[in-house]
Amino acid sequence: MRPLVLGVLGCSLLLSAQALYSSSDDVVELTPSNFNKEVIQSDSVWLVEFYAPWCGHCRNLAPDWKKAATALKGVVKVGAVDADQHKSLGGQYNVRGFPTIKIFGANKNKPEDYQGGRSTQAIVDAAVNAARSLVKERLSGKSGEKLGRPKTNPKDVVELTDDNFNKMVLESDDVWLVEFFAPWCGHCKNLEPEWAAAATAVKEFSNGKVRLGAVDATVHQGVSSRYGIRGFPTIKIFRKGEEPEDYEGGRSRGDIIERAKELFFDNAPAPEVLEILNEDILKKTCEDSQLCVIAVLPHILDTGASGRNAYLEVMKKMAEKYKKKMWGWLWTEAGVQMDLESSLGIGGFGYPAMAAVNSRKMKFALLRGSFSETGIHEFLRELSVGRGSTSTWGAGSLPKIHNADAWDGKDGQLPEEEEYDLSDVDLSDDATQKVEL
């Protein structure tokens, strides 16, 4: 079985893909089909582990996870998602490494990342604290609604008609997922809350570049007949200048969001490869990304503009290849950011060099192979499955970054040497002796 390649600093062994939990355990097995009902619509606090059966760290965690589930029975619910099998559910919650544990407490729409230990006691303590927080929120009476239910905005589903379909969808640069429905259709009614929840989530992560719409096919028969709608609900994907495509995924919000993400990244540009000119660039890029790839390129006098552009082109191709990961890509010239180089163990030689940094965990790994598409791909692939060697980055904080001028794209120039007038210098033997004395 091919493992799901996600995250950085993950698991180290590829083991047999067998389920870690069974019906005899107190751990609830969660899937896209039951997640909404069991977790999102629940009044209980949930601790949910996203795992992969081949993940060594996940297998090590399993006994403690089962013990914690038994200890918390009737107090806090404990579940597990095989995110290797249910990729859409893992993608919905931005799971990029295994195991990932999330706490679904008072606000089910914004689960918290669990950052505690992996022992039974540590897990139980975190669960009890989350339950205590939920009780306090209920006592405070912050909301008259059921706590924990995710908020969705039905207006995020765009109402499409015969009159506005061409302008809104066909002439738009955005990607559209359009549901054709009938008000009397039972399957359409079941899909409605999933479609609305997905629309809100998709709008947020895509900044409106992927949109969800709905057509009442019983009213707007012109556009419905144009696309041969025969059953309900029918979902089609529209991209500008292309023939519509049938949506063939699942009907849960997780499935819909996952397909929307694929569409978004297929049409999204690769992240920009930025030069580190100040602290803000490093901080924003690395803190906003799960992984930050930093290159230290040779001095411009050593490579010239053509050599440097060749290195940058390799980085751009890698940024395009891995754009779905939403990683950050940075570079600096050797000697400009010496504190950064020192913190990564790069300084002084061996350029070009590259490091992959996880600023949240303050860990990094160095590229040991060639600075090429093949070498970098192998480096990042090894990290993604937990095989790379990692080290602690700095002393728990980002290194000092110096302000620098941006590269002008040109070849470097040696500094002009000062000219000296030697016409009046006496080079006779007597003068030399005087100087030596």
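The values are calculated or read from the model by the stated rules, or taken from the named source; none is laboratory data. In this text the structure is predicted, and so the values were computed from the model without any measurement. Virtual Cβ from ideal backbone geometry, glycine too; neighbours counted across all protein chains shown. The area values use the complete protein model at the heavy-atom level, side chains included, leaving out ligands, DNA and RNA. Shrake-Rupley method; radii C 1.70, N 1.55, O 1.52, S 1.80 Å.
Were the residues from ARG226 through SER306 laid out at 0.36 nm apart, the gain over their Cα-Cα distance would be 23.5 nm.
Modelled spin labels at SER42 and ARG138, positioned 7 Å past Cα toward Cβ, are 1.4 nm from each other. Relative contact order for the range 28-140: 34 percent, from Cα pairs under 8 Å spaced at least 6 residues apart, divided by residue count. Using just its DSSP H runs of length 4 or more, each adding -39500 (n - 2.57), the chain gives a mean residue ellipticity at 222 nm of -10500 deg cm²/dmol after division by all residues. Peptides 163-175, 335-347 ranked from most to least packed give 335-347, 163-175, packing being the mean of other C-beta atoms within 10 angstrom over each peptide's residues. Hydrodynamic analysis of the range 154-267 uses the Kirkwood radius over alpha carbon pairs. Inserted into Stokes-Einstein at 20 °C and 1.002 mPa s, it gives a translational diffusion coefficient of 154 µm²/s.
For the pair SER24 and MET362, label points projected 7 Å from Cα toward Cβ lie 4.4 nm apart.
The trypsin sites (Lys or Arg not before Pro) of the range 213-311 that DSSP puts in a loop, and whose beta carbon has at most 10 other beta carbons within 10 Å, are ARG230. Full extension of the chain between ASP246 and SER397 yields a length gain of 49.5 nm, computed as 0.36 nm times the residue separation minus the alpha carbon distance. Students often get this wrong, so check it: of LYS203/LYS261; LYS261/LYS363; LYS155/LYS189; LYS324/LYS400; LYS155/LYS324, which have C-alpha atoms separated by over 19 Å? Cα-Cα > 19 Å for LYS261/LYS363; LYS324/LYS400; LYS155/LYS324; rest within. Take every DSSP beta bridge whose two residues both sit in the range 154-267, then give the antiparallel share in percent to the nearest 5. The antiparallel proportion sits near 40 percent.
Suppose every K and R has +1 on its Cβ and every D and E has -1 on its Cβ; what is the size of the dipole of the chain about the Cα centre, in Debye to the nearest 20?
Dipole size: approximately 3600 debye.
Taking the accessible area of the chain, probe 1.4 Å, and keeping the other protein chains in place, the carbon and sulfur fraction comes to 47%.
Of the beta bridges in the range 274-392, as assigned by DSSP with both residues counted there, near 60 percent are antiparallel. Between GLU262 and LYS284, the simple spin-label model (points 7 angstrom out along Cα→Cβ) gives 3.3 nm. Zone of ALA406 (label point 7 Å along Cα→Cβ, backbone N under 16 Å): which residues in the range 330-368? Answer for the range 330-368: 330-333. Of all aspartates and glutamates in the structure, those lying under 15 Å Cα to Cα from LYS284, and not within fewer than 8 positions of it along the same chain, are GLU272, GLU275.
Computed extension gain for GLU112 through GLU272, at 0.36 nm per residue and net of the alpha carbon distance, reaches 54.7 nm. Here the range 28-140 is treated as a sphere whose radius is the Kirkwood value from Cα pairs; by Stokes-Einstein at 10 °C and 1.306 mPa s it diffuses with a coefficient of 113 µm²/s. Computed with a 1.4 Å probe over protein heavy atoms only, the accessible surface of the range 154-267 comes to 51 Å² per residue. Loop-located GluC sites (Glu not before Pro) in the range 9-110 (DSSP state other than H, G, I, E, B) with a sparse environment of at most 14 neighbouring Cβ atoms within 10 Å are absent.
Contact order for the chain, expressed relative to its length and based on alpha carbon pairs under 8 Å spaced 6+ residues apart, stands at 15 percent.
A cut-off of 5 Å between modelled amide H atoms, ignoring neighbours fewer than 5 places along the same chain, links TYR247 with ILE235, LYS236, ILE237. Looking at the range 28-140 only, what percent of DSSP beta bridges run antiparallel? Nearest 5 please. Rounded to the nearest five, the antiparallel share is 45 percent. Across the range 274-392, Cα-Cα pairs more than 19 Å apart make up 42 percent of the total. Look at (i) 1.12; (ii) 0.98; (iii) 1.01: the one that is Rg/Rh (Cα atoms, Kirkwood Rh) derived from this structure is (i).
The loop-placed trypsin sites (Lys or Arg not before Pro) in the range 64-97, going by DSSP, that have at most 14 neighbouring Cβ atoms within 10 Å of their Cβ come out as LYS73.
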